[in-house]
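Asker: Take this structure, written in structure tokens, and hold onto it; I'll ask about it next.
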Amino acid sequence: MTTAENNTAVAPERKKVIFSGIQPTGVMTLGNYLGAIKNWVTLQEEYNCIYSIVNMHAITVRQDPAALRKNTMEAFALLLACGVDPEKCICFIQSHVRTHAELTWVLSCFTQFGELSRMTQFKDKSAKHPDNINVGLFTYPVLMAADILLYQADLVPVGADQKQHLELSRDIAGRFNSLFSNTFKMPDPYIPKLGARIMSLQEPDKKMSKSDENVNAFISILDKPETIVKKFKRAVTDSETEVVFREGKDGINNLMTIYSTITGDSYEKIANDFAGKGYGDFKTAVGEVVAEHLRPVRENFDRYVNDKAYLKECYQKGAERALMISSRTLEKVYKKVGFLPNK
Ligand code: TRP
């Protein structure tokens, strides 16, 4: 028992603030779900969570406007369908909250060209889109720093590919704080207890990706139950027969990770339960567990996506609350850098 629980006279500790964002770029996979969104749902019980659909980040690569609008709405509906609860946390669409763009400008004046040049994601993305190496792609991490710092976030759940960006956010915050006195909370990465990294079902040494040409390689959160079971039955494994988590068994390890993340069973328990049964039985079991787990998500999604009025009510309320919190930080920043107040 902590001292706070021991002594009711002590004011409860301030809940820590968590900020995270996800891009609205079409179908989400089982990898996005188990690696991120499922954790978001758990975290909202214990923390002050602020989640954003980051459509401003999305336009750093070319987007079809109608598709972006649709994907943004669907990403928001999907968050709710997965169990992100607008009564428990703040969820909003990035472009609805003007402070993000405004703080980005100020922070960009405290970020060095050299720092941004070293970002590996910038190097990768500019190699992938050589015909559109725009300045937004370059300053992407500054917008991400603004997202986080505006809310004085304590913790940021990010995948390995975003670690360097979070590190940069800390550098920018530290620099600003030492120039102008304490302004920003230093954000720490949040490493989930169950940090599932889900691999391709066809090439299990590669991360599961929705852009894979082979549709059997990934599960979309919205795949039908029959499709899910079929894809798992076709999952690539190895030439052995034993269901056990071991180096070199990438395919089985991946299936065990998926099964364990959903059921909560340990690898030992899974190995025991499937001892003497073949890979076929195990693949079917994983497929069924995933299909059942995602069934309500798909049903909720269908309901939400057809209720635009409700979605709008939710994201408007989210944006209003996000603006209120983030404006406090932006006002401080404007004052500290010497912008003449207009009141
Ligand atoms: N860049 C992140 C990604 O692509 C998304 C993101 C934008 C984000 N702003 C953020 C994540 C702030 C965490 C915190 O995954």
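Asker: So what J values fall out for region 317-327 if you push phi through Karplus, 6.51 cos²θ - 1.76 cosθ + 1.60 with θ = phi - 60°, rounded to Hz, Gly and Pro as x?
Answerer: 5, x, 5, 4, 5, 5, 5, 4, 5, 5, 5
Asker: Evaluate E = 1/(1 + (r/R0)^6) for ALA127 and ALA275, where r is the Cβ-Cβ distance and R0 equals 51 Å; express this FRET efficiency to the nearest 0.05.
Answerer: Values: r = 47 Å, r/R0 = 0.91.
According to the calculation, E is roughly 0.65.
Asker: For ASP85 and GLU292, compute 0.36 nm times the residue count separating them, minus their Cα-Cα distance, and round to one decimal in nm.
Answerer: Going from the current span to full extension adds 72.4 nm.
Asker: In what sequence, largest accessible area first, do SER327, SER52 appear using a 1.4 Å probe?
Answerer: SER327, SER52
Asker: Further question on the same structure: So for the chain, taking the charge dipole from beta-carbon charges (+1 Lys/Arg, -1 Asp/Glu), which of CYS49, SER117, PHE180 sits furthest toward the positive end?
Answerer: PHE180
Asker: If you don't mind, another one. Once you list every other residue whose beta carbon is under 15 Å from the beta carbon of LEU103, what net charge do they have if Lys and Arg are +1 and Asp and Glu are -1?
Answerer: Working: positive: ARG98, ARG175, LYS185, ARG328, LYS332, LYS335, LYS336; negative: GLU102, ASP147, GLU331.
That works out to +4.
Asker: Considering the chain, which cysteines have no disulfide-compatible partner, defined as another cysteine with its Cβ under 4.7 Å away?
Answerer: Singleton cysteines: CYS82, CYS91, CYS109, CYS314.
Asker: May I pose another question? Please identify every one of the trypsin sites (Lys or Arg not before Pro) in region 73-144 that sits in a loop by DSSP and has no more than 16 other beta carbons within 10 Å of its own beta carbon.
Answerer: Answer in residue order: LYS88, ARG98, ARG118.
Asker: Do any GluC sites (Glu not before Pro) in region 13-113 lie in a DSSP loop with no more than 12 other beta carbon atoms within 10 Å, and if so, which? Could the numbers behind the result be given before it?
Answerer: Numbers: sites: GLU13, GLU45, GLU46, GLU74, GLU87, GLU102; in loops: GLU13, GLU45, GLU46, GLU87.
Here the GluC sites (Glu not before Pro) that fit, given the DSSP loop and packing criteria, are GLU13, GLU45, GLU46, GLU87.
Asker: By the scheme Lys and Arg +1, Asp and Glu -1, what is the net charge of all other residues having a beta-carbon under 11 Å from that of ALA160?
Answerer: Values: positive: LYS163, ARG197, LYS207; negative: ASP161.
With Lys, Arg at +1 and Asp, Glu at -1, the neighbours total +2.
Asker: Between region 97-135 and region 185-252, what is the C-alpha centre distance in whole Å?
Answerer: 31
Asker: With the contact rule set at Cα under 8 Å and sequence spacing of 6 or more, what percent relative contact order holds for region 66-177?
Answerer: 28 percent.
Asker: Also: Quick one: pull the percent of accessible area on region 215-304 belonging to carbon and sulfur, 1.4 Å probe, ligands and nucleic acids left out.
Answerer: 47
Asker: Take the alpha carbon atoms of region 253-327, find their center, do the same for region 10-65, and report the distance between the two centers in whole angstrom.
Answerer: 15
Asker: Between ALA309 and ARG98, what is 0.36 nm times their sequence separation minus the Cα-Cα distance? Round to one decimal in nm.
Answerer: Numbers: separation 211, 0.36 × 211 = 75.96 nm, distance 2.26 nm.
Using 0.36 nm per residue and subtracting the Cα-Cα distance, I get 73.7 nm.
Asker: Within 11 Å, Cβ to Cβ, of LYS230, how many net charges do the neighbouring residues add up to if Lys/Arg are +1 and Asp/Glu are -1?
Answerer: +3
Asker: Can you pick out the pairs among LYS125/LYS308; LYS15/LYS312; LYS123/LYS185; LYS16/LYS332 whose Cα atoms lie more than 31 Å from each other? All intermediate terms of the calculation are to be shown ahead of the outcome.
Answerer: Working: LYS125/LYS308 34 Å; LYS15/LYS312 28 Å; LYS123/LYS185 29 Å; LYS16/LYS332 21 Å.
Where the Cα-Cα span goes over 31 Å, the pairs concerned are LYS125/LYS308.
Asker: Using only Cα atoms, tell me the angle between helix 99-108 and the longest principal axis of the chain; keep it within 0 to 90° and round to the nearest 10.
Answerer: Helix 99-108 sits roughly 80 degrees off the main axis of the chain.
Asker: Quick one: length gained pulling THR120 to ARG175 fully straight, 0.36 nm per residue minus the C-alpha distance?
Answerer: Working: separation 55, 0.36 × 55 = 19.80 nm, distance 2.16 nm.
Using 0.36 nm per residue and subtracting the Cα-Cα distance, I get 17.6 nm.
Asker: Let me ask another. Over the chain, what is the relative contact order in percent, taking alpha-carbon pairs closer than 8 angstrom and at least six residues apart?
Answerer: Over the chain, the number comes to 21 percent.
Asker: Given contacts defined as C-alpha pairs under 8 Å and at least six residues apart, what's the relative contact order of region 215-304, whole-number percent?
Answerer: 40
Asker: Now for a different question. Which of GLY248, GLY264, VAL215 sits farthest toward the positive end of the charge dipole of region 215-304, with +1 on the Cβ of Lys and Arg and -1 on the Cβ of Asp and Glu?
Answerer: VAL215
Asker: Report for the chain the percent antiparallel among DSSP-assigned beta bridges with both residues inside it, nearest 5.
Answerer: 10
Asker: Can you compute the modelled spin-label distance between THR42 and LYS70, with each label point 7 Å from Cα toward Cβ, in nm?
Answerer: In this crude spin-label approximation the distance works out to 3.4 nm.
The values are calculated or read from the model by the stated rules, or taken from the named source; none is laboratory data. What you are looking at is a predicted structure, and each value in this text was computed from that prediction instead of being measured. Methodologically, a virtual Cβ is constructed for each residue, glycine included, from the backbone with ideal geometry; neighbour enumeration extends over all protein chains shown. Ligands, DNA and RNA are stripped out before the accessible areas are found, and what is left, the full protein with its side chains, is counted by its heavy atoms. Shrake-Rupley method; radii C 1.70, N 1.55, O 1.52, S 1.80 Å.
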